[in-house]
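What follows is one structure encoded as structure tokens, with my remarks underneath.
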Amino acid sequence: MRDPYVVLGVARDASDDAIKKAYHRLAKKLHPDMNPGNRAKEQQFKEISAAYDLLSDPAKRARFDRGEIDAGGSERGFHAQGARAYRRTESSFSFDEIIAEILGRGRRESEERLGDVSQALRLSFIEAALGGKRRIVSADGRSVDIIVPAGIDSGQTLRLKGQGPRRPRGLARGDLYLDIEVEPHPFFQRKEHDIHLELPVTLNEAVLGARITVPTIHGPVAVKVPRGSNSGATLRLKGKGIAAAGKAGDQYVRLRIMLPDPPNAELTAFLERWGAKHPYSVRRTID
């Protein structure tokens with residue numbers, strides 16, 4: 001395995017926070033969920049995970065820096081201390097390991113926090129709006145079943161406690177943070193708990209009224225278009241928005257009248273005759 005500092009692209013004196021940020025940046029880019037079927041990226045992800053596993057462990061990092069273990073965490077056999085060399089035995093411990101034993105719980109909790117990891121989770125618009133069960137692949141390759149809360153949005157984060165990568169020496173797992181990214185929808189738009197939709201209607205439907213089918217995030221519903229509806233008229237579908245945090249939003253349907261395409265000669269001739277007899281104004285005069 002390559003030098004873990006080189007793998008993560010950090011300096012040898014980098015802080016724990018800098019190492020963690022470097023790993024998170026690379027993990028988002030190389031995670032198998034983001035690169036399905038790309039074996040090269042999968043191998044790179046395994047390499048940065050192994051590098052982070054070593055450098056995020058204070059004792060391991062100190063031993064690697066002193067040359068006691070290699071980049072894979074294996075004993076080198078002999079290492080230098082002062083002017084002499086000796087073989088490490090089961091009864092010899094590094095200073096960091098002795099301190100870890102003395103501090104006990106405090107050290108373990110500190111190392112557990114270093115075991116946290118984040119990765120991106122991309123959701124469809126409907127999946128984010130309605131919520132539900134989802135199976136993901138965690139940073140260390142495990143399948144994890146999660147519950148997506150209804151109404152979650154881009155920029156929010158899901159915390160999966162204890163679902164971080166496996167930690168060395170029997171330490172508890174850290175947490176897995178899922179950074180949410182919601183895909184845009186081709187015609188739905190979200191405003192808090194409400195859903196907005198622009199719906200094309202024919203001239204006949206607008207003038208004479210009609211009963212039409214309208215899509216919602218919950219499935220299609222029948223809606224009545226009132227006679228004489230104009231473009232821009234908005235229909236409210238109560239309770240058809242996002243239901244979350246004890247509140248159910250609505251869906252707003254904005255009508256947009258569409259003329260025949262290509263133009264209909266008979267309709268054009270009729271409007272020429274009708275317009276000459278029934279002129280009316282729809283624009284205000286601007287002084």
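The values are calculated or read from the model by the stated rules, or taken from the named source; none is laboratory data. The structure displayed is predicted, hence computed values, not measured ones. Neighbour counts are summed over all protein chains in view; Cβ atoms, including those assigned to glycine, are modelled from backbone coordinates with ideal geometry.
Of note:
- Single match in R88, R134 (criterion: surrounded by 14 or more Cβ atoms within 10 Å (Cβ to Cβ), within 30 Å of P220 (Cβ to Cβ) and at pLDDT below 90): R134
- Residue match in region 265-287 (condition: within 37 Å of the chain's Cα centre (by Cα), of a type in the set (K, R) and assigned to a loop (DSSP other than H, G, I, E, B)): no
Each row is one residue, and each column tells you yes or no for (1) within 21 Å of the chain's Cα centre (by Cα); (2) buried (at least 16 other Cβ atoms within 10 Å of the Cβ); (3) at pLDDT below 90; (4) of a type in the set (D, E).
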{"site": "G155", "(1), (2), (3), (4)": "yes, no, yes, no"}
{"site": "L171", "(1), (2), (3), (4)": "no, yes, yes, no"}
{"site": "D175", "(1), (2), (3), (4)": "yes, yes, yes, yes"}
{"site": "F188", "(1), (2), (3), (4)": "yes, yes, no, no"}
{"site": "K191", "(1), (2), (3), (4)": "yes, no, no, no"}
{"site": "L208", "(1), (2), (3), (4)": "no, no, no, no"}
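- Unmet requirement for G162, which otherwise passes all of (1) surrounded by fewer than 15 Cβ atoms within 10 Å (Cβ to Cβ); (2) outside the structural domain of L271 (by TED's automatic domain parsing); (3) closer than 21 Å to A128 by Cβ: (3)
- Scanning region 227-254 for residues that are outside any strand (DSSP E or B) and among the hydroxyl-bearing types (S, T, Y) yields a count of 2.
- Scanning region 244-258 for residues that are more than 14 Å from K191 (Cβ to Cβ) and either touching a strand residue (DSSP E or B) at 6+ places or on another chain (Cβ under 9 Å) or at pLDDT 90 or above (or both) turns up L255, R256, I257, M258.
- Among the residues listed as T202, T234, the single one being farther than 23 Å from G249 by Cα and surrounded by fewer than 16 Cβ atoms within 10 Å (Cβ to Cβ): T202
- Cross-chain or 6+ apart pairs with Cβ under 6 Å, region 13-33 first and more than 23 Å from Q43 (Cβ to Cβ), then surrounded by 17 or more Cβ atoms within 10 Å (Cβ to Cβ): A18/V10
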